[in-house]
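Reading through the structure tokens given below for one structure.
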Amino acid sequence: IRNLLAVYAIVLLAAGCSLLPKPAPVATDQYVLEYTAAGVSPPPDAPVLIVTTPRAHGGYETPRMAYMQQAYGLRYYTLSRWADTPARMLAPLLANAVQQTGRFQALYTSPGSLTAELRLDTELVRLHQDFTRQPSVLQLGLRAQLVDVSKGRVIATRQFDISVAAATDDAYGGVVAANQAIAQLLPEVAQFCVAGYD
């Protein structure tokens, strides 16, 4: 009888558990990096420059939005994320900025898929909101390398580091600051390509 009562109690508990409401799904906000370049279109005979998708350093190869509360320690927002990895979002923006100089026909694609005179390789070194400073600061680091494809040699290399104070100490403040940092970075990278080619 005891065994039957125990089995009956377990069945009742299991049935009761299944009647509990399911937890509501947690909404995640997704954000993008955007940039609108102002410039001129290149002539048809302008050299072709391939922009490869940036490589990302460890911790930044994910759509998760990174922040730092202490030196060397990356953390990620749980309810906010990028719509894609920042590196993949950067590639078309870089190509657009370079093309708007009017000096190149800039395309973004994988290396070796098109014939081109030049190639721009980049590495996303950092993209995080730094809370070790108040107000928090968005840190963006990109390493760029301009390659002469026909000669197989590097023409120029440069490290770009940009810091933008966030208007608010939250994920959205970091997103806005990241887009402001991108707006500073991309014209500098475009001029780096022009100077390297000249």
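The values are calculated or read from the model by the stated rules, or taken from the named source; none is laboratory data. Everything numeric in this text was worked out from a predicted model, so none of it was measured. Cβ placement follows ideal geometry from the backbone for every residue including glycine, while neighbour counts extend to all protein chains displayed. The area values use the complete protein model at the heavy-atom level, side chains included, leaving out ligands, DNA and RNA. Shrake-Rupley method; radii C 1.70, N 1.55, O 1.52, S 1.80 Å.
For the range 52-198, what relative contact order do you get, as a whole percent, if you take Cα pairs closer than 8 Å and at least 6 residues apart? Normalised by residue count, the contact order of the range 52-198 is 23 percent.
Protection proxy ranking of 86-99, 146-159, 122-135, by the mean of other Cβ atoms within 10 Å over each peptide's residues and highest first, is 86-99, 122-135, 146-159. Counting only protein heavy atoms, what percent of the accessible surface of the range 48-111 is carbon or sulfur at a 1.4 Å probe? Within the range 48-111, the accessible surface is 47 percent carbon and sulfur. Within the shell defined by Cβ-Cβ distances under 14 Å, the residues around Thr122 carry a net charge of +1, with Lys and Arg each +1 and Asp and Glu each -1. The 1.4 Å probe gives accessible areas that order Ser41, Ser80, Ser163, largest first, as Ser41, Ser163, Ser80. Over the C-alpha trace of the range 51-102, radius of gyration and Dmax come out as 13.6, 43 angstrom. The local environment of Ser136, defined by Cβ-Cβ distances under 9 Å, has a net charge of -2 under the rule Lys, Arg +1 and Asp, Glu -1. In this structure the range 72-198 gives 46 Å² per residue of accessible area when probed at 1.4 Å with all protein chains present. Charge tally around Pro42: other residues with Cβ under 14 Å, Lys/Arg +1 each, Asp/Glu -1 each, net -1. A simple charge model with +1 on the Cβ of Lys and Arg, -1 on the Cβ of Asp and Glu and nothing else charged puts the dipole of the range 50-195 at about 240 debye relative to its Cα centre.
Between Thr78 and Arg55, the distance separating the two model label sites (each 7 Å from Cα on the Cα→Cβ line) works out to 3.4 nm. Please work out whether the range 117-164 counts as rounded, prolate or oblate from its C-alpha gyration tensor, where a ≥ b ≥ c are the square roots of the eigenvalues and a/c under 1.5 means rounded, while otherwise a/b larger than b/c means prolate and anything else oblate? Here the range 117-164 falls in the prolate category.
Mean silhouette area of the range 151-198, derived from the convex hull of its C-alpha atoms and averaged over all directions, reads 4.1 nm².
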